[in-house]
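Colleague: Before we start, here is the structure in question, set down as structure tokens.
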Amino acid sequence: MLKKTVLIPVFTFLLGALLTIVLVSRESGSSQKNESQEPLYWVAPMDANYRKNAPGKSPMGMDLIPVYDNANQDQPVGTVSISPQIENQLGVKTASVVHESLHQVLDVAGFLQYDDTSVQHYHSRTNGWIEKLYVYSVGDKIKQGQKLYDLYSPELVYGQEEFIGALNTGNKRLLQSSRLKLKALGVNREQIALLEKTKKVKQNLTFYAKKSGYVSHLNVREGMYVQPQIEMLATADLSTIWVLAEVFESQLVWLDVGLPVTMSLKAFAGKSWQGKVDYIFPNVNAVNRTQQVRVVFDNPDLILKPNMFAQLNIQTKPLPASLLVPSNAIIITGTNERVVLSLGDGQYRSVIVTTGKQSQGLTQVLTGLKQGQRVVTSAQFLIDSESNITAELVRIDTPKQDSIDRVWVHGTVQAIEPDALTIAHEPIEKWQWSAMVMSLPIDEHVDISTLKVGDEIGFCLDEFENKQYVISHVEQQTSVNIGVSVDRIKMHNAKPEQGMQP
């Protein structure tokens, strides 16, 4: 606990020190370009809101950094400058934004099991006793038509006697009924034909294997009493093998039926098997957040055994070419994803990006970058922090665009342009303006789509420090007395930014 308590302040101090190096580097570079200028103010390295009019110390004890009027004036907001020496100390590395196809190889684990389509279950269709068992243990290899067991059943004996009685009567319907009964009890055609020929009832009937394979379950022994609900044995073929693999939820977008798969097993080093994705199960495991995939492999030499552990490589289809960057260049925050863009000559800026799929250390970039640009892959977190501080400083340095005065005026629309309105307005006593016709720019957020020439409107007119005037709000009026006729006033078409005075 003591070690953790000590390490946290040390790490914070080191991070602050590195960030100070970046800030000092930027400001020193700026000061070299502005040796003849006086700083506007001094700012704390770790708090952009702490500013002083003279050098000094920040609340954290760090030297305040000078900020000049034209620092990074030619670059977009958030651009920072780092000297080559500091770049080397921070270990800054960059990589190009490339336009290539992204592909993925899914490395997953799986377990071998029987091919369920080859599994054959054996049940007695009547009550009876196992008089003779020809299968001795699980794993025994059997062939189609091989003897499995001899069964004594009173119902089988009665069925044979009924069949012989029907033969003696010559009643075809009775004969057909007794024949179907024997088939329903599991007696095969050869045994029925022999019974029809010899007319001799057998106390024990032999049952045979319907498919070739290996015994996977054996639940009876000689002398046991069996019933239809008891599974006596089951067999499965190993000529094909199934592998069930677990794929993470985040990788599901790459999966598709029919994808080629390469399998390797530690039991057979240097040997591999080729198969394909046969089925993707519809449900996701709620605990592991994985989805099960079934892969089919041929097993002609029968060396693949159920319950073996396997390593699978699923070859996915390449995606269409797109912009790619190293995944470690992406900075993930709570609200967006960013990368630090290298502008050259020690200039860097954080930009917001939209990312797509990831594979093999690369990430798709859907928006925010262009091919050929370079992004920072090492020390990007420090530069990103500095870029955001710089953007905040620029925001603080930029004069506020709030109007210094505002009036509400009534007027009539004379002409409509995409970004301006020509209005015949009433006198503005507050600004000592007489009634006149003016072309006034409108704020980009003002909706004028419903206006037409001749409409009487009320509008807010904002005045800024540089004597610019902008319409910030418009409301259509039903009845407005402008107080002056358009024909009696002089037309003034000068824009406000030309410094027009009433």
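The values are calculated or read from the model by the stated rules, or taken from the named source; none is laboratory data. It should be emphasised that the depicted structure is a prediction, and the values quoted were computed from it without experimental measurement. Here the Cβ positions follow ideal geometry from the backbone for every residue, glycine too, while neighbour counts run over all protein chains shown. Heavy atoms of the whole protein, side chains included, go into the accessibility calculation; ligands, DNA and RNA do not. Shrake-Rupley method; radii C 1.70, N 1.55, O 1.52, S 1.80 Å.
Colleague: Could you name the lysines whose alpha carbon sits less than 25 Å from that of residue 452, not counting residues in the same chain fewer than 8 places away?
Modeller: 490, 495
Colleague: Hey, if we sort 129, 254 by accessible area with the 1.4 Å probe, largest down, what's the order?
Modeller: 129, 254
Colleague: Can you list which of the trypsin sites (Lys or Arg not before Pro) found in region 266-303 are DSSP loop residues with at most 13 other C-beta atoms within 10 Å?
Modeller: Sparse-neighbourhood loop trypsin sites (Lys or Arg not before Pro): 271, 289.
Colleague: What do you get for Rg/Rh of region 430-475 when both radii come from the Cα atoms and Rh is the Kirkwood radius?
Modeller: Here Rg/Rh amounts to 0.96.
Colleague: Any chance you could run the full-extension gain for residue 271 through residue 352? It's 0.36 nm times the residue separation minus the Cα-Cα distance, nm to one decimal.
Modeller: My answer for the length gained is 24.4 nm.
Colleague: What number comes out for accessible area per residue over region 112-226 if the probe is 1.4 Å? Units Å², please.
Modeller: Dividing the accessible area of region 112-226 by its residue count gives 59 Å².
Colleague: For labels at residue 201 and residue 96 in the simple 7 Å Cα→Cβ model, what's the distance in nm?
Modeller: Between residue 201 and residue 96, the label points sit 9.2 nm apart.
Colleague: Next up: On full extension of the chain, what length is gained from residue 57 through residue 283, given 0.36 nm per residue of separation minus the C-alpha to C-alpha distance?
Modeller: 75.2 nm
Colleague: Can I ask one more? Which part of region 222-251 falls in the paramagnetic zone of residue 129, meaning amide N under 13 Å from the point 7 Å along Cα-to-beta-carbon?
Modeller: Residues 222-226 qualify, since their backbone N sits under 13 Å from the label point.
Colleague: How many angstrom lie between the C-alpha centres of region 130-160 and region 279-332?
Modeller: Using only Cα atoms to place each centre, the spacing works out to 43 Å.
Colleague: Which distance in nm do the two modelled labels at residue 85 and residue 144 give, with both placed 7 Å along the Cα-to-Cβ direction?
Modeller: Inter-label distance under the simple model: 8.6 nm.
Colleague: Taking just the alpha carbons, could you work out the radius of gyration and Dmax for region 164-214, both in angstroms?
Modeller: Radius of gyration, then largest Cα-Cα span, for region 164-214: 12.8, 45 Å.
Colleague: A further question on this structure: Quick check: net charge around residue 93, other residues with Cβ under 11 Å of its Cβ, Lys/Arg +1 and Asp/Glu -1?
Modeller: Its environment carries a net charge of 0.
Colleague: Which of the pairs 271/317; 141/317; 143/181; 141/276 have their Cα atoms more than 32 Å apart in this structure?
Modeller: 141/317
Colleague: Normalised by the number of residues in region 119-217, what is the relative contact order in percent for Cα pairs under 8 Å and 6+ residues apart?
Modeller: 44
Colleague: Could you work out the Rg to Rh ratio of region 182-323, with Rh taken as the Kirkwood radius (inverse of the mean 1/r over all Cα pairs)?
Modeller: 1.18
Colleague: So how much slack lies between residue 192 and residue 447, counting 0.36 nm per residue of separation and subtracting their Cα-Cα distance, in nm?
Modeller: Difference between extended and current length: 82.4 nm.
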